[in-house]
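Taken together, the values in this text are just the output of simple stated rules run on the coordinates, not laboratory data. Only a predicted model underlies this, so the values are computations on that prediction, with no experimental measurement involved. Here Cβ is always computed from backbone atoms with ideal geometry, including for glycine, and neighbour counts include all displayed protein chains.
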Amino acid sequence: MSMAQAIERFVPDGARVAMGVALEPLIPFAAGHEIIRQRRRDLELVGPISDSLFDQMIGAGCVRQVTAAWVGNVSEGLGHCYRRAAEQGIPRSIVIHDHTNFSIALALWAAAWNAPYIPSRTPLGSDILNRNPGLEMDGDLVRVHAVRPDVAIVHVQRCDAEGHAQAWGPMGITEEAGLAASSVIITCEDLVDPAVVLRHPNRVLFPETKVAAVVREPGGAHPSPVQGYFNRDHAFYRDYAQASRTREGFDAWLEQWVLDLPDRSTYLSRIDLGALRMSDE
């Protein structure tokens with residue numbers, strides 16, 4: 001299945017979508033850019049730290065709500081599109097449900113375990129209790145209510161056609177997001193024979209019954225890193241942060257890197273991914 005087909009079939013307007021769940025690496029930028037190209041609207045984005053992907057989708061007008069720990073650019077600061085939407089309603093106002101990295105993990109685990117909530121003390125003393133109706137005081141505990149995505153989109157190093165996905169390196173909350181979601185879209189660097197992944201069944205992330213689509217998309221996480229394949233493209237992130245400081249600058253960036261490109265292969269033809277390749281040593 002192509003990326004365009006996967007997004008068209010499984011990410012409708014108004015969907016609750018978990019993305020960027022591995023924290024800094026393995027962020028599914030190719031999927032996010034296709035969502036922008038298909039002009040999806042009224043999405044709720046769920047995740048811990050999306051390292052500018054959420055910022056781009058907010059700036060493109062795709063988002064009505066953010067349920068996340070932070071939206072920005074890890075090496076450059078808070079997302080400029082996110083700030084404009086939150087403070088000025090540009091390009092549209094958004095609802096923000098603040099979480100910590102840990103509490104969003106608990107919310108997803110609650111959904112994965114089919115529990116209404118998980119009690120915790122970790123949000124105590126934080127003003128996010130005043131901003132998120134999904135965090136409810138119960139005596140000296142906080143009920144972290146379940147968050148169930150309609151779809152989780154994850155990028156991995158390898159997967160077979162049946163949905164047996166394997167990834168390595170920092171995983172963030174990938175497992176809990178996939179298990180909590182009603183379905184999962186996998187994008188991968190390598191599409192491999194089932195025998196390859198089933199040699200190490202303990203490293204398979206999700207039951208294949210959860211996986212709605214598998215898309216081979218080499219470089220699909222750029223500019224975020226993929227361990228064993230390529231490093232983080234710091235310069236690309238820096239250039240995006242500078243361009244997105246103004247609405248006009250962001251719009252020009254979006255035209256150049258998303259809207260004017262038909263697919264990921266065209267995107268990759270404009271960058272030097274080889275310079276970011278990890279050494280075999």
Expected sort for Arg121, Arg216 with the fewest Cβ neighbours (10 Å cutoff) up front is Arg121, Arg216
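First measure r as the distance between the Cβ atoms of Arg238 and Arg92, then evaluate 1/(1 + (r/R0)^6) with R0 = 25 Å and state the FRET efficiency to the nearest 0.05.
Taking R0 as 25 Å, the efficiency between Arg238 and Arg92 is 0.40.
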Separation of the stretch 218-265 and the stretch 139-168 by C-alpha centroid, Å? 24 Å
Which listed residue (Thr209, Ile7, Ile128) has the Cα farthest towards the positive end of the charge dipole for the stretch 3-270, taking +1 on Lys and Arg C-beta and -1 on Asp and Glu C-beta about the Cα centre? Ile128
Hey, can you grab everything whose amide H is under 5 Å from the amide H of His155? Only 5+ residues off in sequence or another chain; H modelled, so Pro and N-termini drop out. Thr187
Checked against the positive end of the charge dipole of the chain (+1 on Cβ of Lys and Arg, -1 on Cβ of Asp and Glu, about the Cα centre), the farthest of Pro170, Ile96, Gly228 is Ile96
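What number, in percent, do you get for the relative contact order of the chain if the mean sequence gap of Cα pairs under 8 Å and at least 6 apart is divided by its residue count? Could you put the intermediate results ahead of the total?
Numbers: 627 pairs, mean separation 54.9, N = 281.
Relative contact order of the chain: 20 percent.
For the chain, what is Rg from Cα atoms divided by 2.2 N^0.38 Å, rounded to two decimals?
Cα-based Rg divided by the globular estimate yields 0.96.
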Counted neighbours (other Cβ, 10 Å), sorted fewest up, put Glu162, Glu87, Glu24 in the order Glu87, Glu162, Glu24
What is the stretch 1-158's relative contact order, in percent, from Cα pairs under 8 angstrom and six or more apart in sequence? 22 percent
With labels modelled as points extended 7 Å from the Cα through the Cβ direction, what inter-label distance (nm, one decimal) is found for Gln38 paired with Val74? 2.7 nm
Ranked on Cβ counts within 10 Å of their own Cβ, fewest leading, Met278, Met57, Met19 go Met278, Met57, Met19
Roughly how big is the stretch 3-270's charge dipole about its Cα centre, with Cβ charges of +1 (Lys, Arg) and -1 (Asp, Glu), in debye to the nearest 20? 180 debye
